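See structure below.
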Amino acid sequence: MARGAAAAVLVAAAPLLAGSARAEAAGVPACASAQLVVYVGVSSGTAGTIYYSLVLTNRRAACVLWGVPAIQPVAGPTGRALGPPARNASVGQMPARHVVARGSSVSVAWGVSEVGNYPPARCRAAHAWGVTIALRPFLAPRRVRLASAVCTRLASTTTRLVAPGVTGT
């Protein structure tokens, strides 16, 4: 069963790997962590959730990236994990490749559900100092200051596929 699951992952990832080879063959290399700057963009709220855009700006030559970043709320600048990581809200969607020109940006919407939406015993609310964001192999883990209230016993945050622009959508 495990061997079959691993094979399914490889088959599902094949178009992405082929896409990477095509991008590099076309002269656009994969983004490197050192060329990406991360900052917090706009925020908006809807139905008990606040969405923050986490923006990745390319400061060097054009490069390509795609995927769903891993986002983990942290208790302080040292990066101690606070509760579960963000759930992937893009499950079943196909990631788009983004060619990011010098000075251009892509972003991701990080959703934070209001802790009051959950029973206090199931949630155990805490204040997060910020988040650690990583988009492997393109972005090594980075800590970003973004104060929020999160649940520590259940995943009260979500992450999505990288999108063009700075709004996360």
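The values are calculated or read from the model by the stated rules, or taken from the named source; none is laboratory data. Model, not experiment: these values are computed from the prediction. Every residue, glycine among them, receives a Cβ derived from its backbone with ideal geometry; neighbour counts consider all protein chains shown.
Suppose we filter Val166, Val68 for residues that are in contact (Cβ under 8 Å) with a residue 40 or more places away in the chain, in contact with a Lys or Arg (Cβ under 7 Å, 6 or more places away or on another chain) and not in a strand (DSSP E or B); which single one remains?
Testing whether each residue is in contact (Cβ under 8 Å) with a residue 40 or more places away in the chain, in contact with a Lys or Arg (Cβ under 7 Å, 6 or more places away or on another chain) and not in a strand (DSSP E or B) leaves just Val68.
Please enumerate the residues belonging to segment 117-169 that are exposed (fewer than 15 other Cβ atoms within 10 Å of the Cβ), in contact with a Gly (Cβ under 6 Å, 6 or more places away or on another chain) and under 30 Å from Cys63 (Cβ atoms).
Arg145
Checking the conditions here, which among Ala134, Ala140 is touching a helix residue (DSSP H, G or I) at 6+ places or on another chain (Cβ under 7 Å), part of a strand (DSSP E or B) and either of a type in the set (Asp, Glu) or closer than 18 Å to Gly79 by Cα (or both)?
Just a single option satisfies the conditions, and that option is Ala140.
Of these, Ser113, Ser156, Ser105, which one is modelled with pLDDT of 95 or more, among the polar types (S, T, N, Q), in contact with a Ser or Thr (Cβ under 7 Å, 6 or more places away or on another chain) and over 17 Å from Thr49 (Cα atoms)?
Answer to the selection: Ser105.
Restricting attention to segment 85-102, report how many residues are of a type in the set (Gly, Ala, Ser) and farther than 17 Å from Thr159 by Cα.
1
Please verify whether segment 7-29 includes one or more residues that are modelled with pLDDT of 90 or more, under 17 Å from Ala140 (Cβ atoms) and part of a strand (DSSP E or B).
Checked segment 7-29: no residue is modelled with pLDDT of 90 or more, under 17 Å from Ala140 (Cβ atoms) and part of a strand (DSSP E or B).
Being over 25 Å from Ala126 (Cβ atoms), among the basic types (Lys, Arg) and over 12 Å from the mean Cα position of the chain (by Cα), is that true of even one residue in segment 38-60?
Yes, that holds for at least one residue.
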